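Before I ask anything, let me first share the structure, which is written out below as structure tokens.
The values are calculated or read from the model by the stated rules, or taken from the named source; none is laboratory data. In this text, all values refer to a predicted model and were calculated from it rather than measured experimentally. For neighbour counting, all protein chains shown are included, and Cβ atoms are generated from backbone atoms with ideal geometry for every residue, glycine included. Accessible surface is based on the protein model in full, side chains and every heavy atom, while ligands, DNA and RNA are left aside. Shrake-Rupley method; radii C 1.70, N 1.55, O 1.52, S 1.80 Å.
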Amino acid sequence: MPHQPITVSGVEVTPLCDAVGPMGAAIRRPLAEMFPGSGLPDEPWVLHFHCYLLRAAAGRLTLVDTGIGGADSPASSWAPVPGTLFGELAAVGVTPAEIDTVVLTHLHSDHASGVVLDGGPAFANARYVLQQAELDAAQGQALDRLVTPIKGQLHVVEGQAEVAPGVHVHLAPGHTPGHQIVRVGDVAVTGDLVLHPVQLDDPGVRYLYDDDQEAAARTRAEVLGALRAERAILATAHFSEPFLRL
Ligand SMILES: [Zn+2]
Ligand SMILES: [Zn+2]
């Protein structure tokens, strides 16, 4: 079931819980190894996988991230597929064809695999917002199975952009080269800027699967610092509780 929504600046923000589970054996590591030096225990990490629906008063619908995808998705080797994104959307009365804008925080397979369904765009009438740097770095399955099928609907941005009324994206690189976060009112949908709450206390705590751990830590410190100064509400991808006010 979707988590409880909140409303900010006239936009309802609903966390859609695509999946909950540990990573598959291929890349699973205890928390202590995922976040080296964090002091976290030698225990398994059970993640939530959240996408976010932004519903503006005017009826405009924006989806942030598309989850782990179906049984045969590029995430199937390591994530608890199939994801339940489409059931989550149905539970809040939304059909995929009604989505106007899809923002992809980045192209990792647990955030972007739901862009396709049966080889075509899952959200037939949507623009898919992606940072230029993320597109430039795309290769392999991310390029062939996720980007290529939505090529005709891509809306490529660089840095900061307003992608729907009141909805802004900001480049926040490090986890991937073109990783972006989304702002709407007080809310920041943070993608994989932070993976675990331990990084809120110490943004310097590295994550094993950041593409560039140093850049990711730098970006995390900078962005979290700015968000903390305005007491923003984080909407996280992988925490058990989706919302958290800094
Ligand atoms: Zn959840
Ligand atoms: Zn990621």
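If you go through the stretch 192-210 one residue at a time, do you hit one that is over 20 Å from F35 (Cβ atoms), charged (D, E, K, R) and surrounded by fewer than 19 Cβ atoms within 10 Å (Cβ to Cβ)?
no
Based on this model, can you work out whether V169 counts as within 20 Å of C51 (Cα to Cα) and surrounded by 15 or more Cβ atoms within 10 Å (Cβ to Cβ)?
Judged against the criteria, V169 is a match.
Please verify whether A126 is crowded, with 19+ Cβ neighbours inside 10 Å and farther than 29 Å from V198 by Cα, treating the condition exactly as stated.
yes
Could you please give the count of residues in the stretch 101-131 that are in contact with a helix residue (DSSP H, G or I) (Cβ under 9 Å, 6 or more places away or on another chain) and in a strand (DSSP E or B)?
8
Can you tell me which residue is nearest to ligand 1 (Cβ to nearest atom) among those in the stretch 234-246 that are assigned to a strand (DSSP E or B) and crowded, with 20+ Cβ neighbours inside 10 Å? Even if it seems obvious, please write down each step before you answer.
Looking only at the stretch 234-246, we keep the residues that are assigned to a strand (DSSP E or B), and these are 234-235, 243-245.
Then drop every residue that is not crowded, with 20+ Cβ neighbours inside 10 Å, which leaves 234-235.
On the way: L234: 14, A235: 11 Å.
If we take residues in the stretch 234-246 being assigned to a strand (DSSP E or B) and crowded, with 20+ Cβ neighbours inside 10 Å, then A235 is nearest to ligand 1 (Cβ to nearest atom).
Within the stretch 47-80, work out how many residues are among the acidic types (D, E) and closer than 20 Å to A126 by Cα.
1
May I pose another question? Can you go through A216, A188 and tell me which one is away from ligand 1 (no atom under 16 Å from the Cβ), under 24 Å from D18 (Cβ atoms), assigned to a helix (DSSP H, G or I) and among the small types (G, A, S)?
A216
Looking at the stretch 1-35, which of its residues are surrounded by 15 or more Cβ atoms within 10 Å (Cβ to Cβ) and touching a Cys at 6+ places or on another chain (Cβ under 9 Å)?
P2, H3, P15, L16, C17, D18
Continuing with the same structure: Collect the residues in the stretch 134-151 that are over 26 Å from D186 (Cα atoms), of a type outside the set (V, I, T) and either touching a Gly at 6+ places or on another chain (Cβ under 9 Å) or in contact (Cβ under 8 Å) with a residue 12 or more places away in the chain (or both), keeping them in residue-number order.
Answer for the stretch 134-151, where residues must be over 26 Å from D186 (Cα atoms), of a type outside the set (V, I, T) and either touching a Gly at 6+ places or on another chain (Cβ under 9 Å) or in contact (Cβ under 8 Å) with a residue 12 or more places away in the chain (or both): L135, D136, A137, A138, Q141, A142, R145, L146, P149.
Has the stretch 151-169 got at least one residue that is in a strand (DSSP E or B), under 25 Å from E241 (Cα atoms) and not β-branched (V, I, T)?
yes
Still on this structure, I have one more. What are the residues in the stretch 1-60 that are of a type in the set (K, R) and farther than 21 Å from V163 by Cβ, if any?
Result: R28, R29.
Could you list all residues from the stretch 94-111 that are open to solvent by less than 20 Å² (accessible area, probe 1.4 Å) and either out of contact with any Asp or Glu (no Cβ under 7 Å at 6 or more places or on another chain) or not hydrophobic (A, V, I, L, M, F, W, C) (or both)?
Within the stretch 94-111, V94, I99, T101, V102, V103, T105, H106, D110, H111 qualify.
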